[in-house]
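Below is one structure, written out as structure tokens; the observations come after it.
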């Protein structure tokens, strides 16, 4: 029964929410991607639950710890709140199958391209993944969304010449292009 389930906007973090500087873990190093607050606000205004799903192998590699990650994510959530947007959940996978240290060296279905984070978010928040959107900047983000049954997949690629399609995924050079896709989908 999908009547009680809500659609979600499932966002990768590095490269979609913030500029990917490589293993971001300090607030002072965070720069938000142009248009992220406007875009997420449009989805939230349409009743989408906003969820962050992010691989964080920097934890597993020992570059920073869970506490630093939590501090940064709490700050990010507050920045979204300052724009009137609630981030309902943050899911992360610190594991890496070959580069992880100690307990973090393992295969984990939560690590994208695995769908684990998406599926857990759906259970925790009562999400209808078929009506949801996922935005990522890597093929593994798209693969994870596809494996989880997310209805609309978007690859954010600033190097793309124009909005286009690769198989079942949209490719967009600007986050504002996702807004146009959302408007078109809402009009259907």
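Name the single residue that is surrounded by the most Cβ atoms within 10 Å (Cβ to Cβ) among those in the stretch 67-87 being farther than 16 Å from residue 12 by Cβ and touching a helix residue (DSSP H, G or I) at 6+ places or on another chain (Cβ under 6 Å).
It comes out as 85.
Considering only residues of the stretch 102-116 that are in a helix (DSSP H, G or I) and without any contact (Cβ under 8 Å) to a residue 12 or more places away in the chain, which is farthest from residue 145 (Cα to Cα)?
Of the residues in the stretch 102-116, the ones in a helix (DSSP H, G or I) are 102-104, 116.
Remaining after also requiring without any contact (Cβ under 8 Å) to a residue 12 or more places away in the chain: 102-103.
Numbers: 102: 28, 103: 26 Å.
The qualifying residue farthest from residue 145 (Cα to Cα) is 102.
I want to confirm something. Restricting to the stretch 117-144 and keeping residues that are free of Cβ contacts under 8 Å to residues at least 40 places away in the same chain and closer than 20 Å to residue 157 by Cα, which single residue is surrounded by the fewest Cβ atoms within 10 Å (Cβ to Cβ)?
Once the filter is applied, the top-ranked residue is 139.
Of all residues in the stretch 21-63, how many are surrounded by 16 or more Cβ atoms within 10 Å (Cβ to Cβ) and more than 26 Å from residue 130 (Cβ to Cβ)?
Adding up the residues that qualify gives 11.
Could you pull out the residue among 68, 79, 99 that is over 15 Å from the mean Cα position of the chain (by Cα), closer than 30 Å to residue 131 by Cα and not in a strand (DSSP E or B)?
79
Only one of 176, 161, 147 is assigned to a loop (DSSP other than H, G, I, E, B), surrounded by fewer than 20 Cβ atoms within 10 Å (Cβ to Cβ) and out of contact with any helix residue (DSSP H, G or I) (no Cβ under 6 Å at 6 or more places or on another chain). Can you tell me which?
After ruling out the rest, the residue left standing is 161.
Out of all the residues in the stretch 33-61, which are touching a helix residue (DSSP H, G or I) at 6+ places or on another chain (Cβ under 8 Å) and on the phi > 0 side of the Ramachandran plot?
If the condition is that a residue be touching a helix residue (DSSP H, G or I) at 6+ places or on another chain (Cβ under 8 Å) and on the phi > 0 side of the Ramachandran plot, then 35 is the only one that fits.
If you scan the stretch 96-110, which residues turn out to be surrounded by 19 or more Cβ atoms within 10 Å (Cβ to Cβ) and under 22 Å from residue 49 (Cβ atoms)?
110
Only the coordinates and a few stated rules stand behind these numbers; no lab work does. Bear in mind the structure is a predicted one, so any value in this text is a computation, not a measurement. As a convention, Cβ positions derive from the backbone with ideal geometry for all residues, glycine included, and neighbour counts pool all protein chains shown.
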